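Here is the structure we will look at.
The numbers here are math on the coordinates, done by the rules we state, and not lab data. This structure is a prediction, so every number in the text was calculated from the model and none was measured. Cβ coordinates were reconstructed from backbone atoms using ideal geometry, including for glycine residues, and neighbour counts include every protein chain displayed.
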Amino acid sequence: MGRTWTSMDDFEAFLDGGGIVEVDDDMPDAYRQAVFAFIEMHANSELMGGLTERDWIPRTPGLRHKMAVLAKTQDEIGHAHLLYMVGADMDIKTRREIIEDLFAGRSKFHNVFHYQAKTWGDQVAISFLVDAAALASQQAVFKNCSYGPYRRILKRIISEEGFHMRMGEERMLRIADGTEVQRTMFQQSLDDWWWPSLQLFGPDSKPGDVLLRWHIKSERNEVLRARWVQKFVPLLMSYGFSVPDPGLTHDPATDSWTSGPIDWEPLKRTMAMRGPDSARRIADAAANWADTHWVRRVLDNAPARAAGVAA
Amino acid sequence: MTGLGTAVREFLLAFADDEHLMGQQHTEWIGVAPFLEEDLAFSSIAQDELGHAAALYAIVAGDGDPVDDDLRIDELAFRPSPGDWRSAQLVEVAAGDWAHALVRHWLYDAAEQLRWEQVAQSSLAPLAEAAARAEREERYHRRHADGLLDVLLPVPDSGERLQTALADLLPLAVGLFDPVAGEVEAVANGVASAPFDTRLDEWTDRVRRRFDVDPSQIQPAPPTGRLERHPDFGPMLVRMREVMDLDPAAVW
């Protein structure tokens, strides 16, 4: 058994002092639940992100390009795998229960994966805009994360996501320098993915946000969101693309960009499983899961020597 | 060696096409395999097979001296006319379920091991090097497929599913050993040590021991010299070329 704390005040003082909680510590239940819910949503999002991308892998235009995008999506599934183990260790749900809750539509995953990648341009936009937004959020968690097992996994995730973002950037540049067909396709993808990517950061953090108080998040949603806008607006404009935000403003004095009013309704719909593609995504994942039940059933009952391959 | 010659090119393309399409087929399983470790395993194996294909196409594109040029590799790897492909039907058929995917993975990799052995001492140095690299990876592929079959075959329900898949796939798998164009010349000048069908009995014996089937029941599909494509090939090629066909001038 790890450490114990006499009260929530005692525990919070430990966190404020830079303390790191480990899995065998007797952490307050509210903290355990909050950290678990955060990790569960992160894990589910990695998995659903991998599923969003997988449709386009067999259509990748190029053989070695195909190897690269497959490796990228494999990283995302690998992140889910690591995170599910970290989550399951918290003794709230087993890994199987977490996955089955996801495929039953009972748990959450990020808004962006409630949309369909309809074109190759969308595939590139995901690894450019969405991965950058996710990376910014993860870096902010990693910086000051009080839950040790999550923090250690994040270190690896962040290093891989950095590669993905650069890969997305390189592919975006090739399209930007490309033909009219490529540029038109990518502009459409930007029009479709800009707002969901921006909404990924969530509404402004509430004053009493426990994720901030308990050092899970280290920065407020609105700060991360504004920084992302500041980075991507000038970048996209410099390549001759437009940003689909009529309310976008530029302050010449500070050379800074601020987004217009944000409609949070689309985000709310995705969180209620009523996003544009939520139903199909969940139904497909659940059907695939059911189709391979026969394998898991046998492996679950297999002798110990085979246990290494079972989920 | 001064140039590959048409015959050896054909011989290498048949191998490259098989590796490409086997990798292509495995890519379909990421995210939808029975559990996450299998998503990861199939995508690693797919990357290896696609890598072997790239190495072989690079040798052909460079006429014996491998090129490091994606556009030249892709000119070969995405030939638009189905009649120009030299793939075996085993890697063209769509796997309906994971039992078929697993059985094909085993059948193909058992043959692939023997096929690389045929060129391990090749007079074409880059091919011998590719064979050495491939074998380092392939031993893990075989261990992966065998580990799963060890557990799944003896259990009635999963065993039946796998035997059904085997019955569907075995006739096509034997087609891997069909003589391909250029093989005679490849053997004559030491690119390969012997025709591939000299290893068929060894492979059949492995199949028999693995799946406990009577080899006399193995009825190969009529040999096509790899000139006829499986009905599933057309839709797969359309899918593979979908993005590049949007604009022939585009570089992605």
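Between region B:1-60 and region B:74-99, what's the alpha-carbon centroid distance in Å?
Result: 11 Å between the Cα centres.
Under the definition of Cα pairs under 8 Å and six or more residues apart, what whole-number percent is the relative contact order of region A:8-309? Provide the component values of the computation, followed by the final result.
Working: 323 pairs, mean separation 62.0, N = 302.
Relative contact order of region A:8-309: 21 percent.
Could you state the number of Å between the C-alpha centres of region B:103-132 and region A:53-121?
33 Å
Loop by DSSP (not H, G, I, E, B), at most 13 other beta-carbon atoms within 10 Å: where is the longest site-free stretch of chain A for trypsin sites (Lys or Arg not before Pro)?
A:107-273
Calculated from DSSP H runs of 4 or more alone, at -39500 (n - 2.57) each and per residue, what is the 222 nm mean residue ellipticity of the protein assembly as shown, nearest 500?
Calculated at 222 nm, the ellipticity per residue is -20000 deg cm²/dmol.
In Å and on Cα atoms, what radius of gyration and Dmax does the protein assembly as shown show?
Values for the protein assembly as shown (Cα only, Rg and Dmax): 26.1, 84 Å.
Determine one quarter of the surface area of the Cα convex hull of region A:8-309, which equals its mean projected area, and express it in nm² to one decimal. Kindly include the intermediate steps, with their values, before the conclusion.
On the way: hull surface 71.9 nm².
For region A:8-309, averaging the hull's shadow over all directions gives 18.0 nm².
Quick one: Cα centre-to-centre distance for region A:128-183 and region A:3-47, in angstrom?
Distance between centres, Cα-based: 26 Å.
If we count every other residue with Cβ under 11 angstrom of A:ALA134's Cβ, Lys/Arg +1 and Asp/Glu -1, where does the sum land?
Surrounding charge for A:ALA134 is -4.
What net charge is computed for the residues neighbouring A:ASN111, neighbours being all others with C-beta under 10 Å from the C-beta of A:ASN111, Lys and Arg scored +1, Asp and Glu -1? Each step should come with its number before you reach the end.
Values: positive: A:LYS108, A:LYS268, A:ARG269; negative: none.
For residues surrounding A:ASN111, the net value is +3.
Looking at region A:1-106, which GluC sites (Glu not before Pro) are DSSP coil and have at most 12 other C-beta atoms within 10 Å of their C-beta?
On the way: sites: A:GLU12, A:GLU22, A:GLU40, A:GLU46, A:GLU53, A:GLU76, A:GLU97, A:GLU100; in loops: A:GLU22.
Here the sparse-neighbourhood loop sites are A:GLU22.
Rounded to whole Å and sorted largest first, what semi-axes of the equivalent ellipsoid does the C-alpha gyration tensor of region B:5-246 yield via the square root of 5 times each eigenvalue?
27, 21, 17
Fewest first, what order do B:VAL93, B:VAL251, A:VAL35 take by the number of other Cβ atoms within 10 Å? Write out the running numbers ahead of the final one.
Numbers: B:VAL93 20, B:VAL251 15, A:VAL35 24.
Fewest-to-most ranking of B:VAL93, B:VAL251, A:VAL35: B:VAL251, B:VAL93, A:VAL35.
For A:HIS42, what is the net charge nearby, where nearby means another residue's Cβ is under 15 Å from its Cβ and Lys, Arg count +1, Asp, Glu -1?
-1
Give A:LYS66/A:LYS268; A:LYS206/A:LYS268; A:LYS155/A:LYS268; A:LYS118/A:LYS217; A:LYS206/A:LYS231; A:LYS93/A:LYS231 a once-over and call out the pairs whose C-alpha atoms are over 28 Å from each other.
Violating the 28 Å Cα-Cα cut-off are A:LYS66/A:LYS268; A:LYS155/A:LYS268; A:LYS118/A:LYS217; A:LYS93/A:LYS231.
Check every DSSP H run in chain B and write down those whose alpha carbon atoms cover 15 angstrom or more along the long axis and whose mean Kyte-Doolittle hydropathy is 0.5 or greater.
Correct list, ordered by number: B:36-61.
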